[in-house]
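Notes follow the structure.
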Amino acid sequence: MFSKDEQVTLNTESSQIASYTEQGPWAELAAAKDITSFAQQWLNIQSSMLIGVQSALVIYRVSAVAAFDPNHSDEATDENSFVEIAHWPEQGYQQALSQDGSAELALQKSQPVIKKYQLDDSQHTFVYHLAYPIKIDQRDQGVVVFRISAEHQAKLASIMRQLQWGAVWFEVFTQKHQHQKAITSNQDLEKLTLLLAAYVDTESYQQTALMCVNRIANDLGLERVSFGFLVGQQLQLEAISNCASFDEKTNLVKAIIDSLQECSDQQASVIYPQQQDFKLTEKHQLLVEQHGSGSVLSVPIFEVDSKRVSQLNICGAMLFEHNQNDFFDAQKISYCQQTVRLIGPLLLWKKKQDRNLWQVLIDAGRNSLFNIFGFKYLKAKFILASLALVIVLAGVFETQYKVHANATVEGWLQRSIAAPQDGYIKAVNAFPGDLVDEGKVLFELDDNALQLELLKWQSEHIKLKQEYLDAFANYDKTKVGILKARIAQVEANLELVSKHISKSKVATPFAGIVVAGDLSQSMGAPVQKGDILMQIAPLDKYRVILHIDEKQIRQINLGQSGTLVLSSMPGQGLNFTVKRLTPMAEVVDGQNIFKVEAELDEAPQWLRPGMQGAGKVEIEQRSYLWIATRNFVHWFKLWFWSAKV
């Protein structure tokens, strides 16, 4: 135990030490709130304590600096980027200390680095650059670099040991800051939880709105808290703290509404008088200057889009006012933003739930009109408006309605060439596609048997003729009469065989083109009388056969004109006129079609029977909309009729 005198001495010394540590750099070090101010005071203390220090600096990781000061900004945003945050002395600092590479080498090797520099070759003057990494949680967060004079080389070891002890202060300060941040977060969470609980306990929207702004103002010690929601593009004030009712015509309320409108228009938080880049603060400035607020902060209120959950829509804003200048620091701004994100959408939901039926109908109509004529969904509105305009124009303007059909060109008449008698094909002189002149032999039948029969009857005729002369010389009238009859019979047979021989060569009755009948593979084949062997069509006149669908046949009438385009000549149209409607339908490719016969107004020389293409029959003037929807309307009418009970 100590005596009373010793105790008095100890107390006196303790008081002196306490008073010393609470003054100057030590007091500023203890009061530091961010890493930049802490590093500067720490460097001042270390530079004064270490022997032979000429200059010093502290380099720190950018992400670690931002953790202490959310408002800190730097061009380098990479995780491995570092920035200078403190140097000593504050005046006359030597830039060469940050450019010699000692700091980069210490961070790269994660260990202290000492570099020796010769200042004057004649006098052999030296200095030392000592770089010591700052580790927090086993990770290099920064480095401190000192410039030491050469005469204190022997003290380098003790200086290194002092830096080892001093670097621990950075870790202690970081842990203290994290602890305080956790405490603050817990306190903010507790406030928000109590605010949410109070929100649940209230019934009407007006009570809830007034309770929320009053509680937020009391929790932060604010002069005034107010908020409003957008109605279309204009903001409507909902509540002001500690004010059961308000008049929107007063200057103060107008200034509050203008500030809230300014925030919602920018869809971003606005603070005044703190400097904010690229933010309009005119209305906030007027509120502060004309109504005595020291600083104001406005935060936008967003709600989740009902159609796209990932999208947020601006719906209002909340305004915070305080008498003190620069009251809203990063921590208070963060708390206010969290409060608005939590309570803002809930207040909007509460307001919608308290509406009566008439208000619901009015709001629904207003929202519908705004969605139609407002500035939201401009791309979709432009597309729908363009589509509506196209539909209207299509219903107003008319064009020639035409019925489309597949078409085939045929000769105006087709002459079938049949076998004149039984026989065998001997020769073929024409094939399909050949142009033939009138009288040209198309094919020949074998006439050998007919020639033999002709010789037989010729011999018989000579024989009977001789007998006839002998009987006539002998004046045998009876025999002459019989032979005369037999000679006539033989001559008839001779004429018949000669006709058959002449018919064995079949010729075309007129000039034209062979459209059917390929006998090149039928040489020597037997044919019977009446068999169709070839078909010939004239070249001076053609007809067009149109295959009209049964759904459109009622629109076709005699005398209607149209245009034919053939596959072989798609660039040239041929005009035709409808001449005949076939009353019977045929099934072609699973569809019922009617054949319509049309006559070409003018037949070009290159036209040939059998050519195919597409024809269009002109019906009447109809609107573009009717033409585009006719098939759907026809199908719908048929479906609706068949579906009716």
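The values are calculated or read from the model by the stated rules, or taken from the named source; none is laboratory data. The model shown is predicted, which means the values in this text are computed figures rather than measured ones. Cβ placement follows ideal geometry from the backbone for every residue including glycine, while neighbour counts extend to all protein chains displayed. Only protein heavy atoms, including side chains, enter the accessible area calculation; ligands, DNA and RNA are left aside. Shrake-Rupley method; radii C 1.70, N 1.55, O 1.52, S 1.80 Å.
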Requested in this report: Mind counting the residues in segment 245-280 that are within 37 Å of the chain's Cα centre (by Cα), farther than 19 Å from Thr339 by Cα and either assigned to a loop (DSSP other than H, G, I, E, B) or of a type in the set (A, V, I, L, M) (or both)?
Outcome: 5
Report summary line: Counting only residues that are free of Cβ contacts under 8 Å to residues at least 60 places away in the same chain and open to solvent by 70 Å² or more (accessible area, probe 1.4 Å), segment 406-450 contains a total of 2
Query raised in the report: Does Leu600 count as closer than 18 Å to Lys402 by Cβ, modelled with pLDDT of 90 or more and of a type outside the set (Gly, Ala, Ser)?
Result: no
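Out of the helices (runs of 4 or more DSSP H) lying entirely within segment 317-421, which hold 1 or more residues that are in contact with a Leu (Cβ under 9 Å, 6 or more places away or on another chain) and among the aliphatic types (A, V, I, L, M)? Walk me through it before giving the result.
Working: elements: 330-353, 357-373, 378-396.
By residue number, 330-353, 378-396.
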Report task. Would you please name the residue that is modelled with the lowest pLDDT, looking only at residues in segment 41-53 that are over 60 Å from the mean Cα position of the chain (by Cα) and buried (at least 16 other Cβ atoms within 10 Å of the Cβ)? Result -> Gly52
Report summary line: Residue pairs within 6 Å by beta carbon, gap of at least six or interchain, first lying in segment 485-507 and within 13 Å of Lys456 (Cα to Cα), second assigned to a helix (DSSP H, G or I) and at pLDDT below 80, listed first then second, are Val497/Leu450; Val497/Glu453; Val497/Leu454
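Take the residues of segment 16-32 that are assigned to a loop (DSSP other than H, G, I, E, B) and exposed (fewer than 13 other Cβ atoms within 10 Å of the Cβ): which is modelled with the highest pLDDT? Spell out how you get there, then give the answer.
Residues of segment 16-32 assigned to a loop (DSSP other than H, G, I, E, B): 22-23, 32.
Then drop every residue that is not exposed (fewer than 13 other Cβ atoms within 10 Å of the Cβ), which leaves 22-23.
Numbers: Glu22: 43, Gln23: 54.
Of everything passing the filter in segment 16-32, Gln23 is modelled with the highest pLDDT.
Please determine whether any residue of segment 249-258 is open to solvent by 20 Å² or more (accessible area, probe 1.4 Å), among the β-branched types (Val, Ile, Thr) and free of Cβ contacts under 8 Å to residues at least 60 places away in the same chain. Even if it seems obvious, please write down each step before you answer.
Residues of segment 249-258 that are open to solvent by 20 Å² or more (accessible area, probe 1.4 Å), as a first pass: 249-252, 254, 257-258.
This time we only want the ones that are among the β-branched types (Val, Ile, Thr), so: 250, 257.
Filter once more, so that each one left must be free of Cβ contacts under 8 Å to residues at least 60 places away in the same chain: 250, 257.
Within segment 249-258, one or more residues are open to solvent by 20 Å² or more (accessible area, probe 1.4 Å), among the β-branched types (Val, Ile, Thr) and free of Cβ contacts under 8 Å to residues at least 60 places away in the same chain.
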Query raised in the report: How many residues are open to solvent by 50 Å² or more (accessible area, probe 1.4 Å), at pLDDT 60 or above, over 15 Å from Val340 (Cα atoms) and in a helix (DSSP H, G or I) if we restrict to segment 184-237?
Result: 3
Query - Ser298 over 20 Å from Ser241 (Cβ atoms) and either at pLDDT 85 or above or in a helix (DSSP H, G or I) (or both) - result: no
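Here is a list: Gln555, Gln535, Gln521. Which entry is more than 30 Å from His500 (Cα to Cα) and among the polar types (S, T, N, Q)? Even if it seems obvious, please write down each step before you answer.
Numbers: Gln535 fails: more than 30 Å from His500 (Cα to Cα); Gln521 fails: more than 30 Å from His500 (Cα to Cα).
After applying the criteria, what remains is Gln555.
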Query - Search result, residues across segment 451-486 that are open to solvent by 90 Å² or more (accessible area, probe 1.4 Å), aromatic (Phe, Trp, Tyr) and either under 30 Å from Ile513 (Cβ atoms) or in a helix (DSSP H, G or I) (or both) - result: Phe472
Report task. Identify, by number, the condition in (1) charged (D, E, K, R); (2) at pLDDT 90 or above; (3) farther than 19 Å from Ile257 by Cα that Asp329 doesn't meet. Result -> (2)
Report summary line: Taking first residues from segment 278-289 that are under 14 Å from Ile257 (Cα atoms) and touching a residue at least 40 places away in the same chain (Cβ under 8 Å) and second residues anywhere that are assigned to a helix (DSSP H, G or I) and small (Gly, Ala, Ser), the pairs with Cβ under 9 Å that are 6 or more apart or on different chains are none
